[in-house]
Amino acid sequence: MKIIMLGAPGAGKGTQAKKIAEKYGIPHISTGDIFRANIKNGTKLGNKVKTYMDQGLLVPDELVCDLVVDRIQQADCAKGYILDGFPRTIPQAESLDAALKAAGESVDYAIDVNVPDENIVKRMGGRRACVGCGATYHLVYAPTKKEGICDACGGELILRDDDKPETVQKRLDVYHEQTQPLIDYYDKKGILKTVDGSMSMEDVFAAILGILEA
Ligand code: AMP
C-alpha cells in the first residue's frame, strides 16, 4: 500500500501517518524528519536545507526528489510506505510518478487532511518538539506525561523555529501557493481522499481507516 499524506503544515498529517504506518507495518517516511536529522548531525545536506527550513520556505526540488526515490527503493518499502511531507510541489509529484512508473507501480491513495488556516495557526503555537529524538507533542491535544519532557527519550521539549507564529504564516502561504495544487493533481488521477482534520485525532484516524479498508 503506497500512501501520500497531503495537508497544510500543522494539519496533523504526521501524527496520522505514524499511526497508519504502525497499523499496517509499513515505513513512515517524513522528509521533514529526514532533514531535521541531517541538520542535527551537521551533514552537508543538513547545512544546505537549514536556511530554507528556518524561513518556512521549501527546500529546492533537486535536494528532495532523489532522496525520496532512493528511500522508497530500500527493502523495507517492498510492501508499501507512507509519505509524509512529500511531494510538496507538482515537479516533485511528477518525479515520484516517473520513478514508480519505471517500476510498474503507482500511488494507491493521496489522503488530504483538511483543516482551515485559522485552526492551524492556533494548533501550531502549542506544538512542542523534542531536542533529543524529534518526537512532536501538543500542549493541549497530545501532551507529554511530564510537562516539558519527552515521553520517548526524556529530552527537553522546545517550540521549533519553524513552528513560531511568523514562520507558520509563511509556511501556510507557501502551502497554498505550491502544495495545494497537488490536491487537483491527485483528484484527476482518481486517488484523492479527503478527511476532515478538525475532528479529534482518534476520529481522523477512524476516517482514514474507513478509506483504506473500504
Ligand atoms: P515538515 O516537517 O514536513 O513540515 O517539513 C519541515 C520543512 O522541511 C518544510 O517547511 C520545508 O522547509 C522542508 N521540507 C520538508 N519536505 C519537503 C519537500 N517535500 N519539499 C521541500 N521542502 C520540504
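Couple of notes before you dig in:
- Net charge of Cβ neighbours under 13 Å - reference Gly126; Lys, Arg +1; Asp, Glu -1: +4
- Electrostatic tally near Gln92: other residues with Cβ closer than 12 Å to its Cβ, Lys and Arg +1, Asp and Glu -1, net -4.
- Taking every alpha-carbon pair in the range 94-214 and binning the separations at 5 Å intervals from zero gives 2, 10, 14, 15, 17, 18, 14, 8, 3, 0 percent.
- Solvent-accessible area of the chain (1.4 angstrom probe, protein heavy atoms only): carbon and sulfur portion equals 51 percent.
- Average accessible surface area per residue within the chain, 1.4 Å rolling probe, Å²: 51 Å²
- Rg and Dmax of the range 1-100, both derived from C-alpha coordinates alone, stand at 13.2, 36 Å.
- Phi angles of the range 70-84 translate, via the Karplus equation with coefficients 6.51, -1.76, 1.60 and θ = phi - 60°, into HN-Hα couplings of 5, 4, 6, 8, 6, 4, 5, 9, 4, 8, x, 5, 10, 9, 10 Hz per residue; Gly and Pro are given as x.
- Net charge of Cβ neighbours under 10 Å - reference Thr136; Lys, Arg +1; Asp, Glu -1: +2
- Of interest is the spacing of the C-alpha centroids, which for the range 153-207 and the range 76-125 amounts to 11 Å.
- Shape class of the chain from the alpha-carbon gyration tensor: rounded, with the ratio a/c of largest to smallest axis under 1.5.
- When each of the peptides 106-114, 13-21 is scored by the mean number of other C-beta atoms lying within 10 Å of its residues, the order from highest to lowest reads 13-21, 106-114.
The values are calculated or read from the model by the stated rules, or taken from the named source; none is laboratory data. Computed from a predicted structure; not experimentally measured. Counting neighbours? That spans all protein chains shown, and the Cβs are built from the backbone with ideal geometry, glycine included. Ligands, DNA and RNA are excluded from the accessible area calculation, which covers all protein heavy atoms including side chains. Shrake-Rupley method; radii C 1.70, N 1.55, O 1.52, S 1.80 Å.
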